[in-house]
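Only one structure is covered here, and it is reproduced in the block below.
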Amino acid sequence: MTQTGQPEISLASWDPQRVLRKLDPTEARYSRGFLRCRPEKWFPGVATQWLPLAHSLGVEVKVTEVKTVLVAPRTLRYGFAGTVDDEPVAMLMDEASYEALIEAITPGTVAQAAPIVVEYMARRFLSSLALAWSGPEASVVRFDPQINPLETPAAGAVKFAFEINGSAAVVWVVIGKLLLERLDGLWRRQVRSSAKGGAAAVDLRLEIAQLAVPVSMLSDYTRSGSVIDLEVVATDLVTLRHSGKGWLPGRLCSIGGNLGFEVISGPVASPILPEGTTRLSIEVGAVKFDAVVLSEMAQVGAIWDTGIRFSDKVALAINAEKVADAALCLFEGRFAISVE
């Protein structure tokens, strides 16, 4: 630690807007609902419906991944369409997936027959999803050959990856805005239903580092002009804390010019303070949640726009009480602070 009046050390500024990963606000908006949902949980009987057909055709099908995304690949050239409550949906494939289906189901078939075979499978796929749906609201699902699947408005998609007779294939179900919002809201309601406690506000604090400071030296660490080497490598990692405890690990990010964070997997470090020291927290920001929103944030991959504009300012806090302001800097690849 260097005090005012002593030789200065060379500090570089920390520019979060330049170094942090940039995320689209739309990704943040759906990161706690649609992008975290488990579609297979809402269609528990799909696999059972396909077993008799697979057995009669002599094919083996194994689902390898079901994943929600906001944007489907641009390489999809084959597809069919239908509607869910009058909103168009499309079932799209790339050429490799199309060929894998044809080869597994009707090997050696003439080219003219292939589209008929795949259309039958698409019709059956859409109807099986409708029959297996276990959500709270029923829908009217129709196959519609008059809709151009490649021109269907897309707000999101569900990736169904599978192996058919050992060959990999993927069907992308492209959905519109209404269905996206419906699935997003349904998942968030399910997550919130498991929230414990009332709606009391919770302060969530973004801690980029912590120091064990001898009680006798606290005034030195919080004095204006003090320069402190935090002795941690400069990174985007933070610890999310609330109610006086480390809660979840996260990564800082940039969302439309604001400071954001993404919840990641992994343990939260809880070092034991040496006797005679006080925990000094270095915080890049704090946000307030109620209990139900906090349950959404507990999901790995959840993203939040704090609304805090980018700056190099941090707060020094003891027991969630701010005791000083500082500028976050870089020193030999590590974080340092200059107390203001």
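Summary table below
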| read-out | value |
| --- | --- |
| Residue check for Ala154: surrounded by 13 or more Cβ atoms within 10 Å (Cβ to Cβ), in the same structural domain as Ala47 (by TED's automatic domain parsing) and out of contact with any helix residue (DSSP H, G or I) (no Cβ under 8 Å at 6 or more places or on another chain) | yes |
| Qualifying positions in region 93-115 - closer than 21 Å to Val174 by Cα and either over 35 Å from the mean Cα position of the chain (by Cα) or not assigned by TED's automatic domain parsing to the domain that holds Val171 (or both) | Pro115 |
| Checking Lys159 against (1) modelled with pLDDT of 95 or more; (2) buried (at least 18 other Cβ atoms within 10 Å of the Cβ); (3) within 23 Å of Ala54 (Cα to Cα); (4) of a type outside the set (Gly, Ala, Ser), the condition it does not meet | (2) |
| Meets criteria (more than 19 Å from the chain's Cα centre (by Cα) and modelled with pLDDT under 95) for Ala324 | no |
| Test: residue in region 89-99 that is under 30 Å from Glu60 (Cβ atoms) and among the polar types (S, T, N, Q) | yes |
| Which listed residue is modelled with pLDDT under 90, over 23 Å from Arg38 (Cα atoms) and out of contact with any His (no Cβ under 7 Å at 6 or more places or on another chain), from Ser270, Ser311, Ser281 | Ser270 |
| Selected residue (criterion: nearest to the chain's Cα centre (by Cα)) from residues of region 214-261 that are under 25 Å from Gly276 (Cα atoms) and of a type in the set (Lys, Arg) | Arg241 |
| Failed criterion for Met217 (all others in (1) buried (at least 16 other Cβ atoms within 10 Å of the Cβ); (2) free of Cβ contacts under 8 Å to residues at least 60 places away in the same chain hold) | (1) |
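Each row is one residue, and each column tells you yes or no for (1) free of Cβ contacts under 8 Å to residues at least 24 places away in the same chain; (2) within 28 Å of the chain's Cα centre (by Cα); (3) in the same structural domain as Asp85 (by TED's automatic domain parsing); (4) farther than 24 Å from Thr75 by Cβ.
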{"position": "Val141", "(1), (2), (3), (4)": "no, no, yes, yes"}
{"position": "Pro145", "(1), (2), (3), (4)": "no, no, yes, no"}
{"position": "Asn148", "(1), (2), (3), (4)": "no, no, yes, no"}
{"position": "Phe160", "(1), (2), (3), (4)": "no, yes, yes, no"}
{"position": "Ala168", "(1), (2), (3), (4)": "no, yes, yes, no"}
{"position": "Gly176", "(1), (2), (3), (4)": "no, yes, yes, no"}
{"position": "Trp187", "(1), (2), (3), (4)": "no, yes, yes, yes"}
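The values are calculated or read from the model by the stated rules, or taken from the named source; none is laboratory data. Everything numeric in this text was worked out from a predicted model, so none of it was measured. All Cβ positions, even for glycine, are placed from backbone atoms using ideal geometry, and neighbour counts span all protein chains on display.
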